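Structure record follows, encoded as structure tokens.
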Amino acid sequence: MLAAAKRVLITGGAGFLGSHLCDRLLADGADVLCVDNFFTGRKRNIEHLLDHPRFELMRHDVTLPLFVEVDEIYNLACPASPVQYQVNPVQTIKTSVHGAINMLGLAKRVRARIFQASTSEVYGDPEVHPQPESYWGRVNPIGPRACYDEGKRCAETLFFDYHRQHALEIKVARIFNTYGPRMDPNDGRVVSNFIVQALQNQPLTIFGDGTQTRSFCFASDLIEGFVRLMNSDAGLIGPVNLGNPGEFTMLELAEKVLALTGSRSRIEHRPLPTDDPRQRRPDIGLAGRELGWSPKVDLTEGLKATIAYFDALLAGDEQGARA
Ligand code: NAD
Ligand code: UDP
Ligand code: UDP
């Protein structure tokens, strides 16, 4: 008799990262329940899975209780782009906090292992560089980014309290800026903005002087890190940084995108948003030691794949965009 497939719930499964995780877990033989309220997620990200016998889609908002029977939970539901998470900041913090409580309550009832997509934003505008997991961060609790940063920090607290109080098996990943195919063209994050602008020969909008830095990880590398962390020994609960330590200024990123697209776009400077972190680079020593994980795709290679996806999407070639 065939062994029953592992039933995995992915919240935010129709989003950029969630949809890649659906693909990966289905390929690994799991039964996948994708839950999403389609705030920033898109049907087209998971359309190719709708007929899959082990895939199920449920429209649901994680701020409301959810009663399903599963073996594992990946909690990814939450808008990730500053532009999107500031549209309705109260809903953003509810998604992180009430969403975490509901998913932890569900995990407790069914005794499921649960993974949290936390973020490098818990480090805020960091004075320690690169950022190790032991750094407590520097976050403005009342600024426009707080709905996301503090929401994610509170979600981490909830995960650790459910672990201590109810012996839940938890896995907390701190994700650094990740990009790749299936980002929404209107998402508002820097990689998607620059590529879409370059492909349309519109000016590339650099916020501030462009000397602030970020470290960009390609989606496939990150998903490999998710799965390794979820499947690691129960003793490893995190937080574990996952990201690519290659660090670039926004000016360098803009130049790279211009070179790779062959675009005639100019660069235009716009005001720097409030509380925009100056620098960010992960210390990934822990993921290397405990998970044997490190990113494989460098920025040039990852940008080429992402440019090809946006090129096809903007040309209306749904098949070509299905990377
Ligand atoms: P995304 O915006 O593409 O995906 C988020 C998904 O969550 C979307 O499908 C959205 O519709 C869904 N969602 C939002 N609120 C919801 C709610 N209340 N109920 C149900 N679904 C809801 O973003 P992403 O880049 O795929 O990010 C996925 C997760 O990873 C997020 O939790 C994000 O905070 C985290 N993360 C991402 C990055 C990154 O660089 N991509 C960095 C750090 C952390
Ligand atoms: N919850 C849920 N699905 C479940 C079990 C619980 O959504 O299968 C929600 C429940 O509605 C509650 C939250 O998770 O609001 C926290 O549950 P817990 O059992 O930890 O707390 P309590 O119900 O005792 O407040
Ligand atoms: N940024 C930019 N132009 C854009 C969008 C973003 O220069 O069109 C900058 C932004 O100010 C920040 C960096 O790029 O310094 C990364 O921004 P993003 O929103 O992608 O992620 P986060 O700030 O959450 O790291």
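Miscellaneous remarks
- Residues satisfying the stated conditions in the stretch 293-316, i.e. at pLDDT 95 or above and assigned to a loop (DSSP other than H, G, I, E, B): Trp293, Ser294, Pro295, Lys296, Val297, Asp298
- Complete set of residues in the stretch 34-63 that are more than 16 Å from ligand 2 (Cβ to nearest atom) and among the hydrophobic types (A, V, I, L, M, F, W, C): Cys34, Phe38, Phe39, Ile46, Leu49, Leu50, Phe55, Leu57
- Verdict on Thr306 being of a type in the set (S, T, N, Q) and either more than 20 Å from the chain's Cα centre (by Cα) or surrounded by fewer than 18 Cβ atoms within 10 Å (Cβ to Cβ) (or both): no
- Qualifying residue in the stretch 196-203 (condition: within 23 Å of Val128 (Cβ to Cβ) and of a type in the set (S, T, N, Q)): no
- Close pairs (7 angstrom Cβ cut-off, 6 or more residues apart or separate chains): among the hydrophobic types (A, V, I, L, M, F, W, C) in the stretch 55-69, assigned to a loop (DSSP other than H, G, I, E, B) anywhere: Leu57/Ile46; Leu57/Leu50; Val62/Ala77; Leu66/His60
- Out of Gly29, Gly15, sole residue that is touching a helix residue (DSSP H, G or I) at 6+ places or on another chain (Cβ under 8 Å) and small (Gly, Ala, Ser): Gly15
- Criterion: more than 18 Å from the chain's Cα centre (by Cα) and either polar (S, T, N, Q) or part of a helix (DSSP H, G or I) (or both) - qualifying residue of Glu156, Glu255: Glu255
- Count of the stretch 169-184 residues which are part of a strand (DSSP E or B), in contact with a Ser or Thr (Cβ under 9 Å, 6 or more places away or on another chain) and farther than 23 Å from Leu313 by Cα: 5
- Identity of the residue in the stretch 261-277, within 27 Å of Tyr309 (Cα to Cα) and assigned to a loop (DSSP other than H, G, I, E, B), that ends up farthest from ligand 1 (Cβ to nearest atom): Arg264
- Some residue of the stretch 168-181 being in contact with a Pro (Cβ under 6 Å, 6 or more places away or on another chain), basic (Lys, Arg) and modelled with pLDDT of 95 or more: yes
- For Leu260, the requirement of being touching a Ser or Thr at 6+ places or on another chain (Cβ under 9 Å), under 30 Å from Arg164 (Cβ atoms) and modelled with pLDDT of 95 or more is not met.
- Complete set of residues in the stretch 113-136 that are of a type outside the set (Val, Ile, Thr), more than 13 Å from ligand 1 (Cβ to nearest atom), farther than 20 Å from Asp276 by Cα and in contact (Cβ under 8 Å) with a residue 40 or more places away in the chain: Arg113, Glu133
The values are calculated or read from the model by the stated rules, or taken from the named source; none is laboratory data. These figures come from a predicted structure and were not determined experimentally. Backbone-built Cβ (ideal geometry, glycine too); neighbour counts: all protein chains shown.
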